[in-house]
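Just so it is clear, none of the values below were taken in a lab; they were calculated from the coordinates. No experiment lies behind these values; they were computed from the predicted model shown. Using ideal geometry, Cβ is built from the backbone for each residue, glycine included, and neighbour counts are taken over all protein chains shown.
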Amino acid sequence: MKAVRRVFLLFLILSALTFRSSAQERTSHSQNYQNCLYGLYGCDWTQLNNEEQQAVARAAHSRNYQNCLYGLYGCDPRQLTNDEQQAVARSAHSRNYENCLYGLSCNRSELTASEAGAVSRSAARSATVPAENSAAGPACEENGSCYGDISGRTGRPKTVHVHGYYRKDGTYVRGHYRSAPRRH
């Protein structure tokens, strides 16, 4: 009877050890896949199956495109499609235009005639803004709305500044002023 108990106990111990090591392998594989997917240190491509490798390649391409789109470090434009390269060029042009509007370092030679005119008007208006408002940025924004204009929709003055931003789909929304929300 003691021998049966010992064999049974030995069997339980070996089963637990085998289960524990397979769970660690799954966790290790899952962690490796996550590292690869997010471009983190510790990624071993050789441990991934074909489907995982394709998902990791798509994620890396997406990260590169986002870096290029927003002008961030780590952009490799050679890996972009023609459509992506055009979107990146439009994004860079918009950033340059915005920098010019705000009086930051920019390349004015890349501006269109209408953009150059808007930059000149913005610079002239910001020169006439009283000192207490000058820290808020230019008096007029990229889309032509100016601080204090009356909103056609609400009938109230536009006093809330909205910086230009990129939507999830990559389209750029130009900076503008809007009226403040009503308080109830």
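A few points about this structure:
- Between ARG90 and GLU52, the simple spin-label model (points 7 angstrom out along Cα→Cβ) gives 3.8 nm.
- Put simply, the Cα atoms of region 43-119 extend 56, 22, 15 Å along their principal axes, the longest span coming first.
- Remark: spin-label model distance TYR38-ARG63 equals 1.0 nm, labels positioned 7 Å along the Cα→Cβ axis.
- For region 43-107, chymotrypsin sites (Phe, Trp or Tyr not before Pro) are listed when DSSP marks them as loop and at most 14 other Cβ atoms sit within 10 Å of their Cβ; the list is TYR70, TYR73.
- Nitroxide proxy distance, nm - points 7 Å out along Cα→Cβ at SER105 and SER28: 4.8 nm
- Neighbourhood net charge (15 Å Cβ-Cβ; Lys/Arg +1, Asp/Glu -1) for SER151: +3
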